[in-house]
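Okay, so here's the structure we're looking at.
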Amino acid sequence: MTALAARPAALARRFAPEIALIGVLAVLPAILPHIGGTYDIANRILDWGLFGLGFDLLFGFTGLLSFGQAAFYGAGGFVAAYVLIAPFTNNAVVALIAGTIAAAIFGVVIGYLSLRRTGIYFAMLTLAFGEMFFFLDISPLAQWTGGENGVAGVPEPHLGFGIFSIDINDPSGLYWLLVVIFVVGFWFARRIVASPFGAVLRAIRENGARVAAVGHDVPKYKLTVFVIAAAYAGLAGGLLGLLQGYMPPDAFYLDTSGQLVVQTIIGGAGTLIGPLVGAAVWLYLYTLLQNIAGIGALWKMILGIIFVLLVTIFRRGLCGGAVVLWRRLFARPAPVSASVAASVEPTRAAPEPRRSAQRPPPTGPVVLATRNLTKRYGGLTAVDDVSFELREGEIRAVIGPNGAGKSTFFNMLANVIPPTSGTIEFKGDNITGLGATLVCQRGISKSFQINQIFPSLTVRDNLRIAVLARAYGKFRPAMLRAVDRDGTINAGIEAAAASVQLAERLDTPAAELAYGEKRRLEIGLALATRPQILLLDEPTAGMSPAERVDTVRLLRRIASGVTIVIVEHDMDVVFGLADRITVLFNGHKIAEDTPDAIQANPDVRAAYLGSQAAHEPA
Amino acid sequence: MFNGLTLGALLVLVAMGLTIIFGTLGVVNFAHGALYAVGAYAGFVTYEYTGSFVAAMAAGAIFLLVVGVVIERGLIRLYYQRPPEDQILVTFGITIVLVEAIRAVFGGLARNIPAPSWAAGIVNLRVTLYPTYRIDVLAIVGVSLVLLYLVLYRTRLGLIVRAGIEDQLMVNILGINVTRTFLTVFGLGAMAAGFAGVINAPIVTVTPDMGADILVQSFVVVVIGGVGSFWGAVVGGLIAGEILSLTAMIQPAYSQVMLFAVMALVLILRPQGLFGVEGRQ
């Protein structure tokens, strides 16, 4: 911190968005009268903007579209209003804190229920629970909330801090109060976005299943951001009561949730400032169009049409668009990486010398074992009574003709699917049924047959997710730390990138990688969790012969220090890598031996040749 | 009890449109409630001009078929490849436009379609007296559901729709003209919503916002019953209708809240819905 303080320029750069925001908000009162605005409108815009900060974290960054934010806005507002009119206290700070906490508690309950489902279900559930709060408000709780009349007589804000107490009794005073709260709220939201916690949220938006597979407790991350969004909503709701001197029941309306969504999209989701800009557009259009005869009644329809058009052709919204424009105008062109050319340079597809010839089969302790592992799908037994032992440092290939049960067996090893019967033991502990996240935390990581990467994140940010899972455990809400300032994490990312030959591509978005590079990133994600056992599901699937040779070389380098199980169709890869080979056929284990012995094994030959070809096509 | 049946039957009809659209197109139609409201207004206008309730029902259904086709061709088809959040957003936007268009044309005042003359009066059901119209609603919905069932389970279109619910990608791969199927299904779904809007109009009042409640309730129906399931929608709708009306008899203040409480319970005990299939998102 002292180093930063010594360099005001660095400090200014670091807080540039906050400084710009304060600047705009500070001069706004001087401009307001000239643009037909009032303090009242500005206050409402700031309140919606604050409400939207939480929603943007939830929707823009985590990808969770909630239609029930009104529940928390209303809950926070009514609790705060009730605290103020009840004879406990007249301190607005206490009331706002109470409202925020109440909203957060409701957030835990509603979040727990709604997050049981994803995608469209989540949107439907939040909408339904939002409506539940509205109905609770207008009838069963009417004696406290005033039903359809709301709570009247919310006093003007009195801020008490011991001997320093301030009474705010005009709209300009409220404006400055809101400015302070909004700027602090904005700063906090920006810290979250730039924190390790925020990095995990963004990855969840891209591919939640993979975030779970590298060892993060995704439901807990989602619930936490849901509660944060609820708390923002509760605070904004409490301020609404203070602004109006009255807490209306329409805070609970479905329309309130809808308005928040529309404003966020218009302003630009995923920008934090977007909801504020969207609110300004909404309230301004409303105020301006109201006064124009003929179209006054149509203002909301016009907004609706704008909204549909924005969603259809300009999904980034105003701020998102501005950011893109800014980058196009001012950003330096990214240096073209030489590694693109290098990575496609043809390598001769010479068969690799056998590994088994190079070193004796490992004799270390058993690290992974299955006992009578069976998986039935109805009448079909995909994996039948397979027992298997894996020794430390070993490279084991699992092969077999199509339909042999390899993938099922493999997915059971990684705890992606539960076995029908039998157990899986890791270093003597029974890990059956722990789930992929916990298994990964214990040190078994899987790379997928079909790439499961985070396409719009850079290679660095992709690997970061996996490195964080190892460094921080399955859940650690580190929200105030800057994600790129942790030296150990950065070192972990660079090491992982180097081991899969992507060190020069660290700042390239994953979507722009060549296929072979994506495949290496896929392996890198599994590797970056620093597993003791690496499960590779067809690592060379879809690769050219040259790329396969490269990949075998790469895997062999990785293998010093990691135990590997590999499912693969390409026999050059299998025989080039494996210490021992397990052969599955019709769900049974028919052989398990060194590559040479497997090649000579008559049962294995029958299994493969019986299906007409020695090399099954992938 | 009977109130619950009538309400439940209507919910079944609306939720059915929602669930077949979702099941086939993979789109959650947040505009479904607005389509229901447009249907009610189409019925209202027709009734004003013709004085015939049957004409109103026909007009509501046909007009909504047209509206559905226009919306699908104009907007929804652009969204099949986009993330579900975008689909929700655009249908939500359509809701705003439709509701506000209604408000602009008809104003915000409540309108009413009287129950048709052939269904006026009250029937003595021994245990209770009951408006004839509500019983007729049951019959009308019953017939429409049977028709819908026949379309879904006895025709080629129905086969494609059901296959699409199971595995949309596979249906595409098989070379079936999904474009036309999608159009038909969206039109049918919109039609069911509009038809429900007309036949519910004599029971409730017709306002621009009438669709919001029914949309939320039909979401609850779909969550309880399980998305994409014909019987899920039927059973879920009837359960929801009964919850609403039975609780209303005992403790009116809690009737809506009770509905959501049951939904929460289903979510905890059986997240995929009563008739839902595990693994479908």
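All of the numbers you see were taken from the coordinates with simple rules; none came from a lab. This structure is a prediction, so every number in the text was calculated from the model and none was measured. Glycine also receives a Cβ, built like all others from the backbone with ideal geometry; neighbour counts cover every protein chain displayed.
Please compute the contact order of segment A:229-277 in relative form: average sequence separation of alpha-carbon pairs under 8 Å and at least six residues apart, divided by the residue count, as a percent.
Result for segment A:229-277 is 19 percent.
Sort A:Asp429, B:Asp86, A:Asp537, A:Asp596 by Cβ crowding within 10 Å, fewest neighbours at the top.
With the sparsest Cβ surroundings first, the list reads A:Asp429, A:Asp596, B:Asp86, A:Asp537.
Can you list residues from other chains, or at least 5 along the same chain, whose modelled amide H is less than 5 Å from the amide H of A:Val367?
HN-HN under 5 Å from A:Val367: A:Leu390, A:Arg391, A:Glu392.
Averaged over peptide B:260-269, how many Cβ atoms belonging to another chain are found within 10 Å of each residue's Cβ?
Going residue by residue through B:260-269 and averaging, the value is 4.
Pull up all non-local amide H partners of A:His588: gap of 5 or more, or a different chain, and H-to-H distance under 5 Å with H placed in the peptide plane.
For A:His588, whose amide H was placed from the backbone, the distant partners under 5 Å are A:Asp384.
Find the eigenvalues of the gyration tensor of the Cα atoms of segment A:517-589, then list the square roots of 5 times those eigenvalues as equivalent ellipsoid semi-axes, largest first, in whole angstrom.
19, 16, 12
On the principal axes of its Cα set, how long, how wide and how thick is segment A:207-334? Give whole Å, largest value first.
58, 42, 24
Can you figure out the FRET efficiency of B:Val66 with A:Leu329, using R₀ = 45 Å and their beta-carbon distance, to the nearest 0.05?
0.45
Would you mind giving the mean number of other chain beta-carbons within 10 Å of the Cβ of each residue in B:80-90, as a whole number?
6
Which helices, counted as full DSSP H runs in chain A, have an axial Cα extent of no less than 30 Å and a Kyte-Doolittle average of 1.0 or above?
Those that pass (Cα extent of 30 Å or more, hydropathy at least 1.0) are A:92-114, A:171-193, A:218-244.
Sum up the charges of everything whose Cβ sits under 13 Å from the Cβ of B:Leu215, counting Lys and Arg as +1 and Asp and Glu as -1, but leave B:Leu215 out.
-4
May I ask for the Kirkwood hydrodynamic radius of segment B:32-85, worked out over all distinct Cα pairs and given in angstroms to one decimal?
Result for segment B:32-85 stands at 12.2 Å.
Taking each pair of different alpha-carbon atoms in segment B:10-61 once, compute 1/r for the pair, average those values, and report the inverse of that mean as the Kirkwood hydrodynamic radius in Å to one decimal.
11.9 Å
What is the diffusion coefficient of chain B in µm²/s, taking the Kirkwood radius over Cα pairs and the Stokes-Einstein relation at 25 °C with a viscosity of 0.890 mPa s?
Answer, rounded: 129 µm²/s.
Give the relative contact order (percent, whole number) for segment A:40-329; include only Cα pairs under 8 Å separated by 6+ residues.
Reported relative contact order: 33 percent.
What is the sum of charges around A:Gln532, taking Lys and Arg as +1, Asp and Glu as -1, for the other residues whose C-beta is under 9 Å from the C-beta of A:Gln532?
+2
Excluding residues on the same chain fewer than 8 positions from A:Lys220, give the lysines whose Cα lies under 24 Å from its Cα.
A:Lys446, A:Lys474
Principal axes first, then extents: for the Cα atoms of the protein assembly as shown, list largest minus smallest coordinate on each axis, whole Å, largest first.
90, 78, 49
Among B:Ser117, B:Ser245, B:Ser52, which one shows the biggest mean-square fluctuation in a GNM of chain B, springs joining Cα atoms closer than 10 Å?
B:Ser117
When a/c reaches 1.5 or more, the comparison of a/b and b/c decides; with that in mind, is segment A:429-545 rounded, prolate or oblate per its Cα gyration tensor?
Since a/c reaches 1.5 but b/c is at least a/b, the shape of segment A:429-545 is classed as oblate.
Let me check I've understood the local charge: for A:Met301, count other residues with C-beta under 12 angstrom from its C-beta, Lys and Arg +1, Asp and Glu -1. What total comes out?
Overall, the nearby charge balance is +1.
Peptide A:304-310: average number of partner chain Cβ atoms within 10 Å per residue?
Mean shielding by partner chains, rounded to a whole number: 6.
Looking at the P(r) of segment A:473-618, how many percent of alpha-carbon pairs lie beyond 21 Å?
53 percent
Using a Gaussian network model of chain B whose springs link C-alpha atoms within less than 10 Å, name the residue from B:Leu98, B:Leu188, B:Leu65 with the highest mean-square fluctuation.
Residue with maximal mean-square fluctuation among B:Leu98, B:Leu188, B:Leu65: B:Leu98.
Assuming 0.692 mPa s and 37 °C, estimate D for segment A:40-329 with Stokes-Einstein, Rh taken as the Kirkwood radius over Cα pairs, in µm²/s.
170 µm²/s
If you take every DSSP beta bridge whose two residues both sit in the protein assembly as shown, what share of them, in percent to the nearest 5, is antiparallel?
So the antiparallel bridges in the protein assembly as shown amount to around 65 percent.
Over chain A, what relative contact order in percent results from Cα pairs under 8 Å that are six or more residues apart?
It comes to 16 percent, rounded to a whole number.
Using the count of nearby Cβ atoms within 10 Å as a rough guide to exposure, how do A:Trp299, A:Trp144, A:Trp282, A:Trp326 rank from fewest to most?
Listed from fewest to most nearby Cβ atoms, that is A:Trp326, A:Trp144, A:Trp299, A:Trp282.
Please find, in a Gaussian network model of chain B (springs between Cα atoms separated by less than 10 Å), the residue of B:Leu150, B:Leu238, B:Leu11 whose mean-square fluctuation is greatest.
B:Leu150
Going by C-beta contacts inside 10 Å, put A:Ser456, A:Ser544, B:Ser144 in order with the fewest on the left.
A:Ser456, A:Ser544, B:Ser144
Restricting attention to the alpha-carbon atoms of segment A:431-479, what are Rg (one decimal) and Dmax (integer), both in Å?
When restricted to Cα atoms, segment A:431-479 yields Rg and Dmax of 12.2, 34 Å.
What is the set of long-range amide H partners of A:Val154 at a cut-off below 5 Å, with H atoms built 1.01 Å from backbone N?
For A:Val154, whose amide H was placed from the backbone, the distant partners under 5 Å are A:Tyr246, A:Met247.
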